[in-house]
Amino acid sequence: MALSKIISRLRLAALATLAVLPVVSGAQTNETESLAVTNLPAFAVNVRRDVADTYMPYRYAFVTLGQEKYTFLIPEGYRVDTSDPAKVKLVSPDYSSLIVLAIGTSGLPVGAKMEAESLQAHVLNRHPAATVKENTGVGANGQNAAALDYVWKTEAGVTRTSRTAFVPTANGLMEFTLSASPEKFDAALGQLNLILLTFRTGANGKFEYVIGSKYP
């Protein structure tokens, strides 16, 4: 099934149906010094395919962050890298695209949104020489969030095009950043949108996740 069709269908109410799955335990990792300083818990990630009673042709990521639970669909072929306990990294098969999920340290209270002006200031503080392409927006977890598209260079001088957004969660603002080769950026946006459209927070200590439809 084409990714565009999957994303289109995810926008329909029928595909917004959620289910509850018993808590899946993931391998626990030691928190790094940076996590200790900010008092942030480490990410524990469990990746599963063929989840019972679901109809989505993707792997599911079940993420535990402290007491909170999150799920999303993993783009086909992307490798999940959990070597950094402060982040979840998803790498494209050709290594041209990287999607990172992390809890931001913006100082905003839990439940607050990062407005477009603050987001741009945050990105330019991280990449002072970046060129802003567009202020836009994304939808995730039943709400809207500001997003910023920008071009920057790595320390090695490699040009990257990125989109960053911060989505409110019970742990604070969850950062979603896509960085890709400029010629692969538009295609990689489809993979980022898949993650955002299927991103769910848990309830009552259990995972909630997208089921999909068994009908074509």
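The values are calculated or read from the model by the stated rules, or taken from the named source; none is laboratory data. Quick caveat: nothing in here was measured; it's all calculated off a predicted structure. Methodologically, a virtual Cβ is constructed for each residue, glycine included, from the backbone with ideal geometry; neighbour enumeration extends over all protein chains shown.
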Discussion item. Can you say whether Tyr70 is more than 21 Å from Ala180 (Cα to Cα), among the aromatic types (Phe, Trp, Tyr) and not in a loop (DSSP other than H, G, I, E, B), as far as the supplied structure shows?
Written reply: yes
Worksheet item: Name the residues in region 138-155 that are closer than 25 Å to Thr198 by Cβ, without any contact (Cβ under 8 Å) to a residue 12 or more places away in the chain and not polar (S, T, N, Q), would you?
Response: Gly142
Worksheet item: Of the residues Pro168, Pro75, Pro85, Pro93, which single one is touching a strand residue (DSSP E or B) at 6+ places or on another chain (Cβ under 8 Å), at pLDDT 95 or above and surrounded by 14 or more Cβ atoms within 10 Å (Cβ to Cβ)?
Response: Pro75
Worksheet item: Glu208: of a type in the set (Asp, Glu) and touching a residue at least 24 places away in the same chain (Cβ under 8 Å), yes or no?
Response: yes
Discussion item. Based on this model, can you work out whether Ala188 counts as of a type outside the set (Lys, Arg), under 19 Å from Lys89 (Cα atoms) and not in a loop (DSSP other than H, G, I, E, B)?
Written reply: yes
Worksheet item: Has region 107-126 got any residue that is acidic (Asp, Glu), under 24 Å from Gly205 (Cα atoms) and either part of a strand (DSSP E or B) or in contact (Cβ under 8 Å) with a residue 12 or more places away in the chain (or both)?
Response: no
Item to complete: Search region 182-194 for residues being buried (at least 21 other Cβ atoms within 10 Å of the Cβ) and of a type in the set (A, V, I, L, M), and hand back the single one that is farthest from Thr154 (Cα to Cα).
Response: Leu194
Worksheet item: Which of the residues that make up region 127-146 are at pLDDT below 95 and in a loop (DSSP other than H, G, I, E, B)?
Response: Asn141, Gly142
Worksheet item: Out of region 114-153, which residues are under 24 Å from Tyr209 (Cβ atoms) and buried (at least 16 other Cβ atoms within 10 Å of the Cβ)?
Response: Val138, Gly139, Ala140, Asn141, Ala145, Ala147
